[in-house]
Amino acid sequence: MRHNTHNLIILVLLCFSVFVHAQPASEAVASTWNGFEKTQFKFENREAFITHPKQPLPGNPWLWRARFPDYHTEIDSMLLAKGFHIAYVNTDNQFGSPKAVAVWNRFYKHVLSTYQLHPKVALHGLSRGGLFIYNWAKSNPEKVACIYGDAVVSDFKSWPGGFGESEGSTKDWETLKLEYGFKSDAEAKAYTNNPIEQLDGLVQAGVPIFHTISLSDQVVPPEENTLLLVNRYIGLGGTATVSPCNSGVQKSKGHHYQIDDPEVVVDFIVKQLKL
């Protein structure tokens, strides 16, 4: 009798495990954002959303945002008006780690099967979001239409590490080391898969990149991040563009700024989806 009860418990647990695996997302909740329909849900217990255009373009092109989805949303509004979807899943405080990339892999499969989005996606990373978009893109170059980096961290030794011109962030550096499993600063500094590294796959896949920066950015200095990445990318034969944004409002030690011409960013993204 005990043996049968034990088997029954195992069967129930296995069935529950299969159910959880098969149901990665919670029931969706409909809302609106700037006049567009927005579907909010939990994906593996993480906040996530899809914002829908009023008239989707053929093939359902989309922009995937990493970190700070409420910043520089003028780009989102303009793309939605042109027929793009906007997607986001919360992997905050994971700094683009392999574990975060694994979540993104599963989210990508979920939104493609659920919302029939285009198999190639445009990526938008802001600040530390650069760690997310480049690390996922390098693992999935064939799924990336283009990359837009907005004052992005391209080397965590710069920020949050603070081993260069940036003063960094001690708290975030300690969180990053735990997330990646680094046992020491030396081990973290020896890591060789920051966005500035191992770019060959993206170049070979023909993925174009576009970055906006502030030349006065003291938090994420361009010389240690965007300019270093872009120079390497071009050196490998890739297509890269940098647009300094210095005419707008500069805040937070130059790290936050107004994008001088958001239409240029939007045109770049639309062009890469060949619409």
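Restricting attention to the chain, close to 45% of DSSP beta bridges with both partner residues there are antiparallel. Using R0 = 22 Å, the C-beta based FRET efficiency linking SER216 and ASP261 works out to 0.75. The per residue volume of the convex hull around the alpha-carbon atoms of the stretch 47-148 is 89 Å³. Taking the Cβ-Cβ separation of LYS54 and LYS99 as r and a Förster radius of 41 Å, what is the calculated FRET efficiency to the nearest 0.05? So, using R0 = 41 Å, E works out to roughly 0.70.
Computed with a 1.4 Å probe over protein heavy atoms only, the accessible surface of the stretch 43-116 comes to 39 Å² per residue.
Beyond 14 Å, what percent of the Cα pairs of the stretch 149-195 remain? Walk me through the numbers before you get to the answer.
Numbers: 503 of 1081 pairs.
Across the stretch 149-195, Cα pairs with separations above 14 Å total 47 percent.
Taking label positions 7 Å along the Cα-Cβ direction at both LYS109 and GLU167, the computed distance is 4.4 nm, reported to one decimal.
Going by a ≥ b ≥ c, the root eigenvalues of the Cα gyration tensor, does the stretch 209-248 fall in the rounded group (a/c under 1.5), the prolate group (a/b larger than b/c) or the oblate group? Oblate shape, in that a/c is at least 1.5 and b/c is the bigger or equal ratio. Each DSSP beta bridge with both residues in the stretch 36-181 is either parallel or antiparallel, and the antiparallel ones are about 45%.
Under Stokes-Einstein, with the Kirkwood radius over Cα pairs as Rh, the value for the stretch 108-222 at 20 °C and 1.002 mPa s is 142 µm²/s.
Pairs from the list LYS38/LYS109; LYS54/LYS109; LYS99/LYS120; LYS109/LYS157; LYS82/LYS143 with a Cα-Cα gap above 27 Å: LYS109/LYS157.
Spin-label pair ALA190-ALA81: with each label point 7 Å from Cα along the Cα-Cβ axis, the two points sit 5.3 nm from one another. Across the stretch 103-157, counting alpha-carbon atoms alone, Rg and Dmax equal 11.6, 38 Å.
Remark on the chain: Rg and Dmax equal 20.1, 78 Å (Cα only). In this simple spin-label approximation, THR175 and ALA28 carry label points 7 Å from Cα along the Cα→Cβ vector, and these lie 3.0 nm apart. Extension gain, THR239 to GLU197, is 13.5 nm, computed as 0.36 nm per intervening residue step minus the present C-alpha separation.
Identify which of GLY237, GLY96, GLY83 has the largest mean-square fluctuation in a Gaussian network model of the chain, with springs joining Cα atoms closer than 10 Å. So, out of GLY237, GLY96, GLY83, the one fluctuating most is GLY237. Estimated from helices alone, the mean residue ellipticity of the chain at 222 nm is -11000 deg cm²/dmol (sum of -39500 (n - 2.57) over DSSP H runs with n ≥ 4, per residue). Under the membrane-span-like helix rule (DSSP H runs whose alpha carbons stretch at least 24 Å along the helix axis, mean Kyte-Doolittle hydropathy 0.5 or higher), the chain yields 2-22. On the stretch 24-177, 48 percent of the accessible area sits on carbon and sulfur atoms, based on a 1.4 Å probe.
The values are calculated or read from the model by the stated rules, or taken from the named source; none is laboratory data. Please read all numbers here as calculations on a predicted model, not as lab measurements. Cβ atoms come from the backbone with ideal geometry, glycine included; neighbour counts cover every protein chain shown. These area figures cover heavy atoms from the full protein model, side chains too; ligands, DNA and RNA do not enter into them. Shrake-Rupley method; radii C 1.70, N 1.55, O 1.52, S 1.80 Å.
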